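Step one of this worksheet: look at the structure below.
The values are calculated or read from the model by the stated rules, or taken from the named source; none is laboratory data. All values reported here derive from a predicted model rather than from experimental measurement. A quick note on method: Cβ atoms are made from the backbone with ideal geometry, for glycine too, and the neighbour counts reach across all protein chains shown.
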Amino acid sequence: MTTTQLARVNREKVLRCLWEQGALTRIGIGRATSLAPATVNRLIASLMEAGLVSGAGSQSEARGRPALLVEVNWTSSSLLAVDVADFSTDLALVDLAGHVIESRRVPAERIAGDGRVAEVLDLIDEALGDYERRGVRIRGVGISVPGAVDGSGSVTVAPSVDWFGVPLQARVQGRTAVPVVVENDANLIAVAAFRGGWHRRVRSLVAIAVFSGVGSGIVEDGRLLRGAAGAAGQLGRMLRGTESLGQAYEGFGDIDKRLGIGAFAERARRLGIASDAEPVPLAADRLLQRAAAADPAARAALEDLFDEYALALVNVCSLLAPEAILLAGFFERWSDHVIPELVARIRPHVIEMPTLAPVAVPSATLVGAAFQAFDVAGGVSSLLEESDNDADSSLVAVEERLIESA
């Protein structure tokens, strides 16, 4: 192995160490990587000069002497994350750690089908152009959609936006030079929860996303389960009972129709606590607001809905036995009321009760989209490759010079 090759291997070893473990002292890095102190010092110097790591304060080492902490420079490059939701499109600039730097929301209540596709493409073009003018380096684009996505990034079915067989990834990729990835929203919520929160200590989790439909994302041993055609986790397409076998579901599935946010809005309207003119999310919120305030009619209207959800989740537990079930979308903001109702119904029927909790990762779909975009762009290795190939960077030369002068 040449000096240059060895330098690259060791730089990646150090960068991955900091990526996975967070801020460390040079002594801590040496212990974690088994590299000699002089080697660690040279590597940190070259990575700092390349802008890939930075100082992160200090902590006391042996004999109480403060030692400099170093960490990944999470802002060295950014991702564009896009969430195509039922009633809006969110766009966000996200750093490498999954922190949303800036975002904006574009309402889309009356746009669907081809019109919505065109709008999303224009919004992405506009955002990429704006970042280019501002000198912001975009490493990749991640797009969240409310439906099933196949291995090519085509949206096979997303009824809430009237997309069926839309080659979204290919269409966006044809308009930009940076890598693009398209993924189901519930899958991305699960990814964000696993990689961006306390849930990273969990071996298996299921994220339940309640929007117009009901989706789920499954992470097992750190790996997103997508199924043979990318449609794993389509909880909304499970059947409620044998009576559902005689019905055709071309768009929304059985549970989507019975347990999506529209079902909560419908009950609110029946009770007269929401009008037909009010948006579905607002009408659904009114029902939970009344129930949380101990309104007996509202609580009674929710009983069968909670029963239905418990039935579906018991089946999920029987099949997957997750350590955690995380609530997103409509249920996330009402988790204090929803979780006790579900736990009481589920606990008697499962071998091991999973933890039920809200996702608690802000802007989880956007964060998950950014993480996936970074992976598609090449992950940690790509940071080093780009620095090595950057005409303005002397990363390799710096490392070789430091080795020769040691």
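Check whether at least one residue in the stretch 82-90 is assigned to a strand (DSSP E or B) and surrounded by fewer than 18 Cβ atoms within 10 Å (Cβ to Cβ), and report yes or no.
Start the filter on the stretch 82-90 by keeping residues that are assigned to a strand (DSSP E or B), which leaves 82-84, 88-90.
Filter once more, keeping what is surrounded by fewer than 18 Cβ atoms within 10 Å (Cβ to Cβ): 88.
For the stretch 82-90, residues assigned to a strand (DSSP E or B) and surrounded by fewer than 18 Cβ atoms within 10 Å (Cβ to Cβ): present.
Out of the stretch 259-274, which residues are in a helix (DSSP H, G or I), surrounded by 20 or more Cβ atoms within 10 Å (Cβ to Cβ) and free of Cβ contacts under 8 Å to residues at least 40 places away in the same chain? Passing the criteria: Ala265, Arg267, Ala268.
Suppose the filter is without any contact (Cβ under 8 Å) to a residue 12 or more places away in the chain, among the small types (Gly, Ala, Ser) and not in a loop (DSSP other than H, G, I, E, B); does Ala291 pass it? Steps first, please.
Working: without any contact (Cβ under 8 Å) to a residue 12 or more places away in the chain: no; among the small types (Gly, Ala, Ser): yes; not in a loop (DSSP other than H, G, I, E, B): yes.
So Ala291 fails the test.
Take Glu404 and decide whether it is modelled with pLDDT under 95, in a helix (DSSP H, G or I) and surrounded by fewer than 18 Cβ atoms within 10 Å (Cβ to Cβ).
On the way: modelled with pLDDT under 95: yes; in a helix (DSSP H, G or I): yes; surrounded by fewer than 18 Cβ atoms within 10 Å (Cβ to Cβ): yes.
So Glu404 fits the description; yes.
Taken over the stretch 201-258, the criterion of being surrounded by 14 or more Cβ atoms within 10 Å (Cβ to Cβ), in contact with an Asp or Glu (Cβ under 8 Å, 6 or more places away or on another chain), polar (S, T, N, Q) and assigned to a loop (DSSP other than H, G, I, E, B) is satisfied by Ser212 alone.
Within the stretch 304-363, the set of residues being surrounded by fewer than 18 Cβ atoms within 10 Å (Cβ to Cβ) and in a loop (DSSP other than H, G, I, E, B) comprises Ala321, Glu323, Val350, Ile351, Glu352, Met353, Ala360, Pro362. When residues in the stretch 1-30 are screened for being over 32 Å from the mean Cα position of the chain (by Cα) and either acidic (Asp, Glu) or surrounded by fewer than 19 Cβ atoms within 10 Å (Cβ to Cβ) (or both), 7 of them pass. Going by the conditions given, is Arg133 of a type in the set (Lys, Arg) and closer than 23 Å to Leu168 by Cα? When the stated conditions are applied, Arg133 does not pass them. Scanning the stretch 1-28 for residues that are part of a helix (DSSP H, G or I) and either in contact with a His (Cβ under 9 Å, 6 or more places away or on another chain) or under 21 Å from Ser382 (Cβ atoms) (or both) yields a count of 18.
For the stretch 162-180, name all the residues that are in contact (Cβ under 8 Å) with a residue 60 or more places away in the chain and buried (at least 24 other Cβ atoms within 10 Å of the Cβ). Residue satisfying the conditions is Val180 alone.
Ala298 - would you say it is in contact (Cβ under 8 Å) with a residue 12 or more places away in the chain, in a helix (DSSP H, G or I) and of a type outside the set (Ser, Thr, Tyr)? In short, yes. Scanning the stretch 126-153 for residues that are without any contact (Cβ under 8 Å) to a residue 24 or more places away in the chain and not in a helix (DSSP H, G or I) yields Gly135, Ser152.
Within the stretch 218-258, being without any contact (Cβ under 8 Å) to a residue 24 or more places away in the chain and over 28 Å from Gly153 (Cβ atoms) holds for Leu239, Gly241, Thr242, Glu243, Ser244, Leu245, Gly246, Gln247.
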